[in-house]
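A short write-up of the structure that comes next.
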Amino acid sequence: MTRTRSDGTATATVPAARPADPPAGQPPAVPSPAVPSPAVPSPAVAPTTADPQSAAAPPAAQAPALTVRGVRIRDEVNDREIVHGVSFELRPGRAVGIVGESGSGKTLTCRAILGILPAHFAVSAGSIEIAGRDIAGLTTPQWTDLRGSTISAVFQDPASYLNPSLKVGVQIAEVIQVKSGLRRRAARRRALELLTAVHLRDPELVYDQYTFELSGGMLQRVLIATAIAADPQVLIADEATTALDVTVQAEILDLLADLRERNGLALVVVSHDLAVVAQVCDEVLVMREGEVVEHGPTADVLYHPRHEYTRLLIAEHEQYGLDRYLADSDSTTDPDPDPDPEADPHAGIGPVAGEQRKELDDVR
Amino acid sequence: MSADGRPVLQVADLEVHYGLRRRRRRVLHGVSLSVARGETVGVIGETGSGKSTFARAVLGLVRASGGRILIDGEDVSRYSARQWRALRRRGVVQYVFQDPLRSLDPDLPIEESLIEPLLVQGVGRKEAVERGRAYLARVRLDSELFGRLPGELSGGQRQRVAVARVLVTEPALIILDEPVSALDSANRVGILEILKELRDAGVALIFISHDLGSVAGVADRIAVLYQGEFVEVGDARAVISNPRHPYARLLVGSAPTLRSAAASRAERDALRALLHA
Ligand SMILES: Nc1ncnc2c1ncn2[C@@H]1O[C@H](COP(=O)(O)OP(=O)(O)OP(=O)(O)O)[C@@H](O)[C@H]1O
Ligand SMILES: Nc1ncnc2c1ncn2[C@@H]1O[C@H](COP(=O)(O)OP(=O)(O)OP(=O)(O)O)[C@@H](O)[C@H]1O
Ligand SMILES: [Mg+2]
Ligand SMILES: [Mg+2]
């Protein structure tokens, strides 16, 4: 099969995804006019803190599309801090990955960026800027304006973000009408274009279906279509391709790569699939128990991990990795990532719990 | 393998349609599969090809329009809705829904969700609580989360609760629809190890997943579903390392791994051309 071996650095230094072969006879990758995003649930729990004077600098050509500085998130009911400081900067056309433990705060971080933390949760420190605007103190109408057209998202549980009693096509078209002022017929046409762009086999049929009539992967693509409808500058993809088979996933990743190249879309990719992150992201944050334990260029983090937890994550990923079974892969005998001889194994920020360390040893 | 040959599930020539009249469409066609005690069959394939539909048909949640389904030797194909409910309540067959929120009552703290099927079976409350907690611990769920509602958990926490919930009744056949899709690699390994233990204990498993590495790691056999038909069924390792059907080749070729780049656009187009030839 057509599979090129790439040891760490080789793949990782080419983060802009696959080479752009002209897709002969492929559906038009992406439609153009501006429209909005998934009906974002729950009103904004306005994040607090951050000095408001920082909204000054006008977005220059390469100004960050998204800046997250030392964001901490508290659960105010249980009086606990859940996320202990996340920072990253995302420029147009770039992609940052967030990987890590289940329950470590990845989704909450994304929701904080969109101003949709669940009730009782609040940003207790740090600041977030979207396209140069500090989100602290944004009013509800300002948020409505921003979501969809500047920043949008695809979340883990697609069914929760669509109305079960309306046809999915109608929901997308409605959003398009509201955001871009297109007339009904034009909005419908555009919605169909978007459903085609996400490689749904029969867009006309899907347009007229209800959420319960769609498979998990179809639903996920409907949400992706909605999220990119308004040409946002930033797209947050929280496990956005997990319900897709790898073939469709590849098409969607190509589509996102096109959008990055053509429109300068910036991506935040939350994924448990390290291979996807390796393919898509320029840099990676590794989270564990609300803490960012490692942050750096993808090539460094995934192929020369420094923190114990990152190593554990990779080792366990490879324990059930496809590489073990691929016939013409010459790496089957050595499922461990290439260790970096220079790296200090104890350079991590914090220790791994005893049990996990034992597992790590077992895998080695 | 530990399979002792006696099939827990036999499906022959299954047909499923959705929709009425003009909207009636065939989703599954001529699907046959049997799963023995102590055997794990992986089902992989296209999104929308009918994997979840297959699972729902085996649980009587959608009605087959043709073919036969035998569970533990008993033909259930003509069961009435009430008979299906009774069968499901006995807990012989259990299903982990693809969307974990559908497996769980949104208004019930997860510990209650877990013991409910046991109470239905007549297990005393004290023992039910004990068993429920043991399974939550087994999927590595922190005990401080036991009293929470499903909506107050992260994606992966919910998924682990959904898995624990089907394990408590110790069923003979478990169908898991994407049980590890929301899990980090450590928790994924944890769940996959549990599946192997269940298999060794004689449970029959159907493991539906897009994660080819996980399927290859736990399944004895793999069935590849494409447009409502099994286009390839065979030894798990063989299907992954040497797929024969053009769709299976496209699928395996499209999977990115940490060590090798997946097929490029042009390569996928070439494989797809083969498929339509
Ligand atoms: N609505 C809520 N109410 C109470 N606690 C919550 C709520 N949402 C999340 N949490 C808790 O906050 C922590 C972080 O959750 P978050 O959803 O951000 O995790 P995650 O990193 O996205 O995990 P996963 O990979 O499993 O999706 C978890 O311990 C979770 O139980
Ligand atoms: N209740 C329903 N009514 C009508 N059509 C349905 C219904 N449920 C599913 N379908 C259709 O049946 C087909 C198969 O869906 P199914 O959910 O079984 O796919 P799947 O293989 O599980 O996909 P995925 O990998 O995306 O979860 C899809 O075309 C879907 O639109
Ligand atoms: Mg999450
Ligand atoms: Mg499904």
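The values are calculated or read from the model by the stated rules, or taken from the named source; none is laboratory data. Please read these numbers as outputs of a predicted model, since none were measured by experiment. All Cβ positions, glycine included, derive from the backbone under ideal geometry; neighbour counts span all protein chains shown. Remember, those area values only see protein heavy atoms, side chains included, never the ligands or the DNA or RNA. Shrake-Rupley method; radii C 1.70, N 1.55, O 1.52, S 1.80 Å.
The single condition among (1) in contact with a helix residue (DSSP H, G or I) (Cβ under 6 Å, 6 or more places away or on another chain); (2) within 25 Å of B:I115 (Cβ to Cβ) that B:E170 does not meet is (1). Considering the stretch A:109-121, the residues that are in contact with an Asp or Glu (Cβ under 7 Å, 6 or more places away or on another chain) and modelled with pLDDT of 95 or more include one that is most open to solvent (accessible area, probe 1.4 Å), namely A:F121. Could we say that A:D361 is farther than 22 Å from B:S181 by Cβ, modelled with pLDDT under 50 and away from every other protein chain (no Cβ under 11 Å) here? The answer is yes for A:D361.
So for the stretch B:103-120 (the condition being within 16 Å of ligand 4 (Cβ to nearest atom), within 26 Å of A:A243 (Cα to Cα) and assigned to a helix (DSSP H, G or I)), does at least one residue qualify? Give the derivation first.
Quick first cut of the stretch B:103-120, residues within 16 Å of ligand 4 (Cβ to nearest atom) only: B:103.
The next check asks that each one be within 26 Å of A:A243 (Cα to Cα); those that pass are B:103.
Then drop every residue that is not assigned to a helix (DSSP H, G or I), which leaves B:103.
The answer is yes, given that some residue of the stretch B:103-120 is within 16 Å of ligand 4 (Cβ to nearest atom), within 26 Å of A:A243 (Cα to Cα) and assigned to a helix (DSSP H, G or I).
No other residue among B:Q121, B:Q98 is in contact with a strand residue (DSSP E or B) (Cβ under 6 Å, 6 or more places away or on another chain) and at pLDDT below 90 apart from B:Q98.
Taking the stretch A:74-101, which residues are under 18 Å from B:E152 (Cβ atoms) and either open to solvent by 10 Å² or more (accessible area, probe 1.4 Å) or out of contact with any helix residue (DSSP H, G or I) (no Cβ under 7 Å at 6 or more places or on another chain) (or both)? Reasoning before the result, please.
Here is the first cut: in the stretch A:74-101, the residues under 18 Å from B:E152 (Cβ atoms) are A:74-83, A:101.
A:R74, A:D75, A:E76, A:V77, A:N78, A:D79, A:R80, A:E81, A:I82, A:E101, listed by residue number.
Looking across the stretch A:158-170 at every residue that is in contact with a Leu (Cβ under 8 Å, 6 or more places away or on another chain) and surrounded by fewer than 22 Cβ atoms within 10 Å (Cβ to Cβ), the one that is nearest to the other protein chains (Cβ to nearest Cβ) is identified as A:A159. Among residues of the stretch A:238-270 being assigned to a strand (DSSP E or B) and either in contact with a Phe, Trp or Tyr (Cβ under 9 Å, 6 or more places away or on another chain) or on the phi > 0 side of the Ramachandran plot (or both), the one that is farthest from the other protein chains (Cβ to nearest Cβ) is A:V268. Scanning the stretch B:5-49 for residues that are within 14 Å of chain A (Cβ to nearest Cβ) and either more than 27 Å from A:L322 (Cβ to Cβ) or within 16 Å of ligand 4 (Cβ to nearest atom) (or both) yields a count of 20. Only a single item in (1) within 7 Å of chain A (Cβ to nearest Cβ); (2) within 23 Å of B:A182 (Cβ to Cβ); (3) open to solvent by less than 10 Å² (accessible area, probe 1.4 Å) is not met by B:I222, and it is number (1). The residues of the stretch B:196-207 that are surrounded by fewer than 24 Cβ atoms within 10 Å (Cβ to Cβ) and within 14 Å of another protein chain (Cβ to nearest Cβ) amount to a single one, B:K196. Among residues of the stretch B:145-168 that are under 20 Å from A:T109 (Cβ atoms), those with a beta-carbon under 9 Å from a residue that is within 16 Å of ligand 4 (Cβ to nearest atom) and acidic (D, E) at least six positions away or on a different chain give the pairs B:G155/A:D157; B:G155/A:E239; B:R158/A:D157; B:Q159/B:E178. Of all the residues in the stretch A:266-275, those that are hydrophobic (A, V, I, L, M, F, W, C) and surrounded by fewer than 24 Cβ atoms within 10 Å (Cβ to Cβ) number 0.
Considering only residues that are touching a helix residue (DSSP H, G or I) at 6+ places or on another chain (Cβ under 6 Å) and within 11 Å of another protein chain (Cβ to nearest Cβ), look in the stretch B:225-234 and name the one that is surrounded by the most Cβ atoms within 10 Å (Cβ to Cβ).
Going through the stretch B:225-234, the residues touching a helix residue (DSSP H, G or I) at 6+ places or on another chain (Cβ under 6 Å) turn out to be B:225-226, B:231-232.
Narrowing further to those that are within 11 Å of another protein chain (Cβ to nearest Cβ): B:225-226.
Values: B:L225: 25, B:Y226: 21.
Once the filter is applied, the top-ranked residue is B:L225.
Does B:P100 satisfy being within 16 Å of ligand 1 (Cβ to nearest atom), surrounded by 14 or more Cβ atoms within 10 Å (Cβ to Cβ), under 16 Å from the mean Cα position of the chain (by Cα) and under 30 Å from B:R148 (Cβ atoms)? For B:P100, the condition - within 16 Å of ligand 1 (Cβ to nearest atom), surrounded by 14 or more Cβ atoms within 10 Å (Cβ to Cβ), under 16 Å from the mean Cα position of the chain (by Cα) and under 30 Å from B:R148 (Cβ atoms) - is met.
I need the full set of residues from the stretch B:242-268 which are farther than 28 Å from A:T298 by Cα and within 9 Å of chain A (Cβ to nearest Cβ), in order please.
Here is the first cut: in the stretch B:242-268, the ones farther than 28 Å from A:T298 by Cα are B:242-249.
Scanning the stretch B:242-268 gives B:N242, B:P243, B:Y247, B:R249.
Taking the stated definitions as given, is A:E89 near ligand 1 (Cβ under 8 Å from one of its atoms), under 26 Å from A:A278 (Cβ atoms) and among the charged types (D, E, K, R)? Even if it seems obvious, please write down each step before you answer.
Working: near ligand 1 (Cβ under 8 Å from one of its atoms): no; under 26 Å from A:A278 (Cβ atoms): yes; among the charged types (D, E, K, R): yes.
Considered against the rule, which asks whether it is near ligand 1 (Cβ under 8 Å from one of its atoms), under 26 Å from A:A278 (Cβ atoms) and among the charged types (D, E, K, R), A:E89 comes out as no.
Give the stretch B:163-183 a look and list any residue that's within 14 Å of ligand 4 (Cβ to nearest atom) and touching a strand residue (DSSP E or B) at 6+ places or on another chain (Cβ under 7 Å), or say none. Passing the criteria: B:I175, B:L176, B:D177, B:E178, B:P179. Filtering the stretch B:243-277 down to residues that are touching a His at 6+ places or on another chain (Cβ under 9 Å) and open to solvent by 10 Å² or more (accessible area, probe 1.4 Å), which residue is nearest to A:L326 (Cα to Cα)? Only one residue tops the list, namely B:P246. Which of the residues that make up the stretch A:225-238 are surrounded by fewer than 24 Cβ atoms within 10 Å (Cβ to Cβ) and under 18 Å from B:G155 (Cβ atoms)? Once the filter is applied, which keeps residues that are surrounded by fewer than 24 Cβ atoms within 10 Å (Cβ to Cβ) and under 18 Å from B:G155 (Cβ atoms), the stretch A:225-238 yields only A:D238.
Taking the condition at pLDDT 90 or above, surrounded by fewer than 13 Cβ atoms within 10 Å (Cβ to Cβ) and more than 12 Å from ligand 2 (Cβ to nearest atom), does B:R24 pass? In short, no.
Looking across the stretch B:29-58, the residues that are hydrophobic (A, V, I, L, M, F, W, C) and part of a strand (DSSP E or B) come down to B:V31, B:L33, B:V35, B:A36, B:V41, B:V43, B:I44.
Residues that are open to solvent by 10 Å² or more (accessible area, probe 1.4 Å) and within 11 Å of ligand 1 (Cβ to nearest atom) within the stretch B:161-185 comprise B:S181, B:A182, listed in sequence order.
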